[in-house]
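Inspection log for the structure reproduced underneath, given as structure tokens.
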Amino acid sequence: MYIFAAQLTIMRVTPKKRLGQHFLTDETIAEQIARTLSPNDKNILEIGPGMGVLTKYLIQDQSLNIKVVEIDHESVEYLQHHFPQLGENLIEGDFLTLDLSRLFQSSFTVIGNFPYNISSQILFKVLENKDNIPSLVGMFQKEVAERIASKPGNKHYGILSVLLQAFYDIDYLFTVNETVFSPPPKVKSAVIRMQRNPEKELHCDELLFKTVVKTAFNQRRKTLRNSLRSINFEKGFLNDPIFNLRPEQLSVSDFEKLVRNVQKIM
Ligand code: SAH
């Protein structure tokens, strides 16, 4: 009886809401995500492998150098049992606190059906390590994927779009239904691909850029003149017609230009 119970725990991981666990049950979608990797993607870091539905397809390609990071001990035990070949490349830990500088000898691709409760934090960590992460492929909630991929003028265009598109070209690949997960999430999902653009750095001060973008979108219905009032510009400067616009009307390069002008008067 005891042996039977022990085997059962290895057969399936109990989903934990606090870890954003929604396991993908559709093999075709897992395979499709794995196939979006390009031949340049050699070092791969999978975030949150869970029961390894995606990992299984990744390790089929012997030329890939794969590491996976999983926070859930029960999932780690499951993976050790079902994918013993992962060995030391299976890291038990939190991606958000993981030291990425020592993982691989060179740059690496991030992949995953990501834990949705920490989507933005994952993306901000990727941005912090952008020069080491030439691409990212994976699944987010549909709404987050839309926010990442949207262009100016779109209602989903916001902080994530501007900050990520400054450094990455984004492709919204396909939408995924709730029904292919166990347990099903409340929202639809979507797979995106991000590829680092050639911009080494912004054409303006990066910190000020982030402040301006965040301040502007925090009151997205207001014109820039009203939302950026807190930054205390001289009155004359605010006469520039750009301040009549709302943040969703500005492209990445418009924001850069605005910040360059702000720098001049500061
Ligand atoms: N990729 C699997 C599981 C998706 S659910 C599948 O498609 O079925 C999200 C996974 O991320 C879970 O396994 C969860 O335990 C893991 N996870 C959640 N927070 C994490 C973190 N901070 N670091 C690493 N893994 C995390």
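Derivation of every value follows stated rules applied to the coordinates shown; laboratory data play no part. Please read these numbers as outputs of a predicted model, since none were measured by experiment. Positions of Cβ are generated from backbone atoms using ideal geometry, with glycine treated the same way; all protein chains shown enter the neighbour counts.
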Flagged in the range 91-117 as more than 15 Å from the ligand (Cβ to nearest atom) and either free of Cβ contacts under 8 Å to residues at least 24 places away in the same chain or more than 24 Å from ILE29 (Cα to Cα) (or both), in numbering order, are SER101, ARG102, PHE104, GLN105, SER106, SER107
Residue hits (the range 127-157; touching a residue at least 24 places away in the same chain (Cβ under 8 Å) and part of a helix (DSSP H, G or I)) are LEU127, LYS130, ASP131, ASN132, LYS142, GLU143, VAL144, ALA145, GLU146, ILE148, ALA149
Note on the range 62-90: residues under 25 Å from LEU164 (Cβ atoms) and either of a type outside the set (A, V, I, L, M) or within 10 Å of the ligand (Cβ to nearest atom) (or both) are LYS67, VAL68, VAL69, GLU70, ILE71
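One line per residue, one yes/no per condition, for (1) under 18 Å from SER253 (Cα atoms); (2) within 12 Å of the ligand (Cβ to nearest atom):
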| site | (1), (2) |
| --- | --- |
| SER119 | no, yes |
| LYS130 | no, no |
| GLU146 | no, no |
| ALA149 | yes, no |
| PRO152 | yes, no |
| GLY158 | yes, no |
| GLN165 | yes, no |
| ILE170 | yes, no |
Matching residues in the range 40-69 (touching a Phe, Trp or Tyr at 6+ places or on another chain (Cβ under 9 Å) and closer than 21 Å to SER119 by Cα) number 13
